[in-house]
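These notes concern the structure reproduced below.
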């Protein structure tokens, strides 16, 4: 059997397969992998190192709500105070308007009361003369009493300052004359009664003053 030199040569000449060794990864790439964990650790360390700041951050919403509540409370208090002031002002204005209306009506009625006063004074003088008790005079007295009572119900009171010291705030002098036994400056006669509403003078009394 003859050996084929050609086949022998092909078998000997085959080159072995070269396997390249695996090289280690660069050091930079290995160092970059744990960065996220390091960053998280640093954040946790920062939070752990400053607990006061964390508490302050938790308190901020509570403080904001408390400030808002204080603002609403102050607004409610101001509104209530404004309403109370308005109510008091409205009450004063209503009372003042009522007083003005009463005074205006009283000034219209007082001349009629003055006429009844003079009629009763003349009737009393006539009664002393003839001693008669006239039913007409009784009727005038009743009308006069009713009008005076109606004025009193709304706070209007008459006054007669005879014998008192003259007061220009309450009296109006229509005459001044010497009167034996009377002290100068004293009211010796009341020509027309005065009327008051509370502390206000509706009409001063018209008087004669001793000189």
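Table: residues versus (1) touching a strand residue (DSSP E or B) at 6+ places or on another chain (Cβ under 7 Å); (2) modelled with pLDDT under 90; (3) surrounded by 15 or more Cβ atoms within 10 Å (Cβ to Cβ).
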{"site": "124", "(1), (2), (3)": "no, yes, no"}
{"site": "140", "(1), (2), (3)": "no, yes, yes"}
{"site": "152", "(1), (2), (3)": "no, no, no"}
{"site": "196", "(1), (2), (3)": "yes, no, yes"}
{"site": "209", "(1), (2), (3)": "yes, no, yes"}
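Just a yes or no: is a residue in the stretch 56-63 in a helix (DSSP H, G or I), surrounded by 10 or more Cβ atoms within 10 Å (Cβ to Cβ) and either touching a helix residue (DSSP H, G or I) at 6+ places or on another chain (Cβ under 7 Å) or at pLDDT 90 or above (or both)?
No, the conditions are met nowhere in the stretch 56-63.
Checking residue 145 against (1) in a helix (DSSP H, G or I); (2) surrounded by 15 or more Cβ atoms within 10 Å (Cβ to Cβ), which single condition isn't satisfied?
Failing condition for residue 145: (2).
Give the residue, chosen from 157, 108, 84, that is in contact with a strand residue (DSSP E or B) (Cβ under 6 Å, 6 or more places away or on another chain), at pLDDT 90 or above and either in a helix (DSSP H, G or I) or closer than 19 Å to residue 190 by Cβ (or both).
157
Scan the stretch 161-172 and give yes if some residue there is modelled with pLDDT of 90 or more, within 16 Å of residue 202 (Cα to Cα) and in a strand (DSSP E or B), otherwise no.
Yes: the stretch 161-172 contains one or more residues that are modelled with pLDDT of 90 or more, within 16 Å of residue 202 (Cα to Cα) and in a strand (DSSP E or B).
Restricting to the stretch 160-179, name every residue that is under 40 Å from the mean Cα position of the chain (by Cα) and within 28 Å of residue 98 (Cβ to Cβ).
Scanning the stretch 160-179 gives 169, 170.
Test residue 126 against the criterion of being more than 52 Å from the chain's Cα centre (by Cα) and either in a helix (DSSP H, G or I) or without any contact (Cβ under 8 Å) to a residue 60 or more places away in the chain (or both), and give yes or no.
Against the criterion (more than 52 Å from the chain's Cα centre (by Cα) and either in a helix (DSSP H, G or I) or without any contact (Cβ under 8 Å) to a residue 60 or more places away in the chain (or both)), residue 126 qualifies.
The values are calculated or read from the model by the stated rules, or taken from the named source; none is laboratory data. Here the structure is a predicted model, which is why all the values come from computation and not from measurement. We place every Cβ from the backbone using ideal geometry, glycine too, and count neighbours over all the protein chains shown.
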